[in-house]
1. Is there a residue in the stretch 101-120 that is among the β-branched types (Val, Ile, Thr), in contact with a Cys (Cβ under 9 Å, 6 or more places away or on another chain) and in contact (Cβ under 8 Å) with a residue 40 or more places away in the chain?
2. What is the residue count in the stretch 11-20 for residues that are within 9 Å of the ligand (Cβ to nearest atom) and either at pLDDT 95 or above or open to solvent by 60 Å² or more (accessible area, probe 1.4 Å) (or both)?
3. Can you tell me which residues in the stretch 59-82 are under 20 Å from PHE127 (Cβ atoms) and open to solvent by 80 Å² or more (accessible area, probe 1.4 Å)?
4. Do we have any residue at all in the stretch 95-105 that's farther than 18 Å from ARG55 by Cα, at pLDDT below 95 and open to solvent by 30 Å² or more (accessible area, probe 1.4 Å)?
5. In the stretch 52-63, which residues are more than 27 Å from THR112 (Cα to Cα) and in contact (Cβ under 8 Å) with a residue 24 or more places away in the chain?
6. In the stretch 30-44, which residues are open to solvent by 90 Å² or more (accessible area, probe 1.4 Å) and assigned to a helix (DSSP H, G or I)?
7. Please tell me if ILE86 is aliphatic (A, V, I, L, M) and either within 16 Å of the ligand (Cβ to nearest atom) or open to solvent by 70 Å² or more (accessible area, probe 1.4 Å) (or both).
8. Mind listing whichever residues of the stretch 72-98 are free of Cβ contacts under 8 Å to residues at least 24 places away in the same chain and farther than 23 Å from TYR137 by Cα?
Amino acid sequence: MDNTPLCLSCNRPLVGRIGKKFCDAQCRNSYHNQHKRPDEKYMQEVNSRLRQNRRILRDLCPEGKATVRRDILEALHFDFNQFTSIYPTQKGVYYLCYDYGYMPIVQNSTQTGHPTQKVLIIQKQDFMNQPFDPWKYLK
Ligand SMILES: [Zn+2]
């Protein structure tokens, strides 16, 4: 029987150093990508939603500040469950996705005059980097 070790990824015979498991970096990467653990997959999904959120906020906020209706964010598949940090203020809470964030607000619609759910989108400012103390909000 032939005892030549085979690449764990492509099953071709391995040549070279003893104890090698893969032909090259490409085979090693593709093997590890196919055998990702479920928790890594979950983290990857969250990261991709965060990046999409950030892209949406950035596109809607070309000048550092913008007010946008909630349904516009929803139509773009903004995921309100995902954010990287929060910045509470007297007027409300900013939910940040990396360097962009939004504060939920209610404003009367210019068309109907009815109260409408909107967000105030901002670019993150240096003063928002203060240490955040979650215990401060215990009631
Ligand atoms: Zn291989």
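1. no
2. Count: 2.
3. Matches in the stretch 59-82: GLU63, LYS65.
4. No, there is no match, as no residue in the stretch 95-105 is farther than 18 Å from ARG55 by Cα, at pLDDT below 95 and open to solvent by 30 Å² or more (accessible area, probe 1.4 Å).
5. GLN52, ASN53, ARG54, ARG58
6. Within the stretch 30-44, HIS32, ASN33, GLN34, PRO38, LYS41, TYR42, MET43, GLN44 qualify.
7. Spelling it out, it is not the case that ILE86 is aliphatic (A, V, I, L, M) and either within 16 Å of the ligand (Cβ to nearest atom) or open to solvent by 70 Å² or more (accessible area, probe 1.4 Å) (or both).
8. Passing the criteria: ILE72, GLU74, ALA75, LEU76.
The values are calculated or read from the model by the stated rules, or taken from the named source; none is laboratory data. These figures come from a predicted structure and were not determined experimentally. Here Cβ is always computed from backbone atoms with ideal geometry, including for glycine, and neighbour counts include all displayed protein chains. To get the accessible areas, we keep the full protein, side chains included, count just its heavy atoms, and leave off ligands, DNA and RNA. Shrake-Rupley method; radii C 1.70, N 1.55, O 1.52, S 1.80 Å.
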